[in-house]
Amino acid sequence: MAKTIQAVRGMNDILPGESAAWQFLEATLRRVISSYGYREIRLPLLEKTELFKRSIGEVTDIVEKEMYTFDDRNGDSLTLRPEGTAGCVRACMEHGLLHNQIQRLWYAGPMFRHERPQKGRYRQFHQIGIEAFGMEGPDIDAEVIFMTAQFWRALGLDDAVLQLNSLGTPGARAGYRDALVAYLRGREAELDDDSRRRLDSNPLRILDSKNPDMQPVIAGAPQLSEYLDADSRAHFDELCGLLDAAGIAYEVNPRLVRGLDYYSKTVFEWVTDKLGAQGTICAGGRYDGLVEYLGGRGTPAVGFALGLERLIALLEACGIEPQGANPHLYLVLSGDMAVRQGMVFADELRNAVSGLRVQCNCGGGSFKSQFKRADRSGAELALVIGDEEAGRDEVTIKPLRAGGEQETVARQAIVQRLGELLALEQI
């Protein structure tokens, strides 16, 4: 017997028992995003490899070690997208969406990185991303942070901490880079292998090292805030003022960086201590140089991405149950007349009440076996129709979750009675 084929390591199936949490999360995030007037853009999974080499940087771990890259039949090098921003910028440039325009866009879908799989970090993972183009003031920075704060409120999460920093302009950051490299060369013997490799190519990323042995070195490094230009300092101060006015608490983290040259001014992360080492659930910032870096006209831009797997894990850690997972009603049908009427009746209910979830018993079975199925479905109520009820145009209602007595109701009165029992707004 041939060995069964299993999923690729780090690329996981989302099973029916898990998908309800995903649907709840995605619907909640989409609802908040829509309330801010952002429009969806749908991007291909595959892009030319050069896009990511130019946008992310050839000396980054993502490009050097983690991308799924291959040559297609025409000999073109293609890559499964490891993140969404580069593809969004490419699409906007290609279709003329940026010049003298303001765009507020969002996207969702799987990303791919060949990392060591662990809880909250997989080789196929899912993100929702926001990108806003054409606005250079701190107000749009504040708006995207406001949106993330609304996410947590809508999901019932109250312990995420906002960390904030400013990277300044590329010119100001160049001066800081020189000072940082000089400091690190003085302590080069204490650097780990990754930090030594980054010392010439991407020294700011050393500040983001998670290696505990590196923390004393990082703690003694010069701070970027000491090198900020006046414009960046004013931008950051105004952003902080907008957050203060909205009552959004934050911590200024001088070690929070994005190590690529096209990033500028605002960077932020939302972090939690409930997911162990994978504590960042949302990260973003301003990347005013990326469009020009990819060959377009200079365009101010800001955005963020959040990982859905980590948010799912956080909801579980906080004991937050997804809503809308199970059917409201399960129809138990016994007898030829009952089956014919019941199937039609189920659709009548769905049409009468928007959002009502009705599962009909199919495949026959005794009353006992059908009630077992009804219980396993998670439905709140069973609606029972036998041939006798069908002949009298009646339905028996049996509570499955809460207390209460079984009752028989005329078919024409069932919608009103269900509204009383289920307290659905739509009924």
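Read-outs throughout are calculated quantities, based only on the coordinates presented, and are distinct from any laboratory measurement. Model, not experiment: these values are computed from the prediction. We place every Cβ from the backbone using ideal geometry, glycine too, and count neighbours over all the protein chains shown.
Highest mean first, the peptides 354-367, 403-416 sorted by other C-beta atoms within 10 Å per residue fall in the order 354-367, 403-416.
If you take all other residues with their beta carbon under 13 Å from the beta carbon of Asp387, and give Lys and Arg +1 and Asp and Glu -1, the sum is -3.
In this structure, the residue pairs whose Cα-Cα separation is over 19 Å, taken from Lys48/Lys265; Lys119/Lys274; Lys48/Lys210; Lys210/Lys274; Lys368/Lys398, are Lys48/Lys265; Lys48/Lys210.
Built from the Cα atoms of segment 169-246, the convex hull projects on average onto 6.1 nm², one quarter of its surface area.
Only helices enter the 222 nm calculation for the chain: every DSSP H run of n ≥ 4 contributes -39,500 (n - 2.57), and dividing by all residues gives -11500 deg cm²/dmol, rounded to 500. For the chain, hydrophobic long helices are taken as DSSP H runs at least 18 Å long by C-alpha position along their axis with mean Kyte-Doolittle hydropathy of -1.0 or more; these are 16-35, 138-155, 170-186, 230-246, 336-352. Which shape class applies to segment 169-300: rounded if a/c is under 1.5, otherwise prolate when a/b exceeds b/c and oblate if not, where a ≥ b ≥ c are the square roots of the Cα gyration tensor eigenvalues? Cα axes put segment 169-300 in the oblate bin. Decide, for segment 231-327, between rounded, prolate and oblate: order the square roots of the alpha carbon gyration tensor eigenvalues as a ≥ b ≥ c, take rounded if a/c falls under 1.5, and otherwise choose prolate if a/b is larger than b/c, else oblate. Note, shape of segment 231-327 comes out prolate. Just check segment 329-422 against the gyration tensor rule for me: Cα atoms, a ≥ b ≥ c as the square roots of the eigenvalues, rounded for a/c under 1.5, and otherwise prolate or oblate depending on whether a/b exceeds b/c. Rounded. Taking the Cβ of Ser19 as the centre, find all other residues whose Cβ is under 12 Å away and add up their charges (Lys, Arg: +1; Asp, Glu: -1). With Lys, Arg at +1 and Asp, Glu at -1, the neighbours total -3. Packing, taken as the mean count of other beta carbons within 10 Å per residue, orders the peptides 297-304, 111-118 from highest to lowest as 297-304, 111-118. Under 14 Å of direct C-alpha separation, and excluding same-chain neighbours fewer than eight residues apart, Lys65 reaches these aspartates and glutamates: Glu115, Asp194. Take 68-76, 152-160 and order them by the average number of nearby Cβ atoms within 10 Å per residue, most first; the result is 152-160, 68-76.
Computing Cα extents along the principal axes in Å for the structure here picks out one of (i) 69, 56, 39; (ii) 88, 63, 45; (iii) 69, 66, 38, namely (ii).
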